[in-house]
């Protein structure tokens, strides 16, 4: 499973939908989408500021995340930014890998 942080901002149309359907309805809709792809919704919060929603989800793959992103973007009701989250153990594994790299000018 891959873990993602979704930062979502509603458009005016999306905000009208939240006003009509309520916040729990939108959380339930996100949960249904994630479960439909074999994932889990870990957390879902509304917030003040640039982003309206923060959600952490586990999905089987980056492809599944891209499918959700494309589908949501096509509605025009929500703009979603995705942050890939890594566990400390994944960073440990990455730190042990040998990578050949030459910096610019080096």
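The values are calculated or read from the model by the stated rules, or taken from the named source; none is laboratory data. Remember, predicted model here, so these are calculated numbers, not experimental data. Neighbour counts are summed over all protein chains in view; Cβ atoms, including those assigned to glycine, are modelled from backbone coordinates with ideal geometry.
General observations
- Scanning region 1-19 for residues that are part of a helix (DSSP H, G or I), in contact (Cβ under 8 Å) with a residue 40 or more places away in the chain and loosely packed, with under 14 Cβ neighbours inside 10 Å gives a single hit, 13.
- Residues in region 41-64 that are more than 14 Å from residue 26 (Cα to Cα), in a strand (DSSP E or B) and either at pLDDT below 95 or more than 10 Å from the chain's Cα centre (by Cα) (or both): 42 alone.
- Of the residues in region 60-68, not one is within 11 Å of residue 3 (Cβ to Cβ) and without any contact (Cβ under 8 Å) to a residue 40 or more places away in the chain.
- Here residue 25 passes the criteria (1) within 17 Å of residue 81 (Cα to Cα); (2) touching a helix residue (DSSP H, G or I) at 6+ places or on another chain (Cβ under 9 Å); (3) not in a strand (DSSP E or B) except the one numbered (1).
- Here is the figure for region 77-105: residues that are within 16 Å of the chain's Cα centre (by Cα), over 19 Å from residue 26 (Cα atoms) and surrounded by 11 or more Cβ atoms within 10 Å (Cβ to Cβ) total 3.
- Odd one out for residue 22, checked against (1) surrounded by 12 or more Cβ atoms within 10 Å (Cβ to Cβ); (2) out of contact with any strand residue (DSSP E or B) (no Cβ under 7 Å at 6 or more places or on another chain); (3) without any contact (Cβ under 8 Å) to a residue 40 or more places away in the chain: (1)
- Flag if residue 74 is modelled with pLDDT of 95 or more, closer than 30 Å to residue 11 by Cα, out of contact with any helix residue (DSSP H, G or I) (no Cβ under 7 Å at 6 or more places or on another chain) and loosely packed, with under 10 Cβ neighbours inside 10 Å: yes
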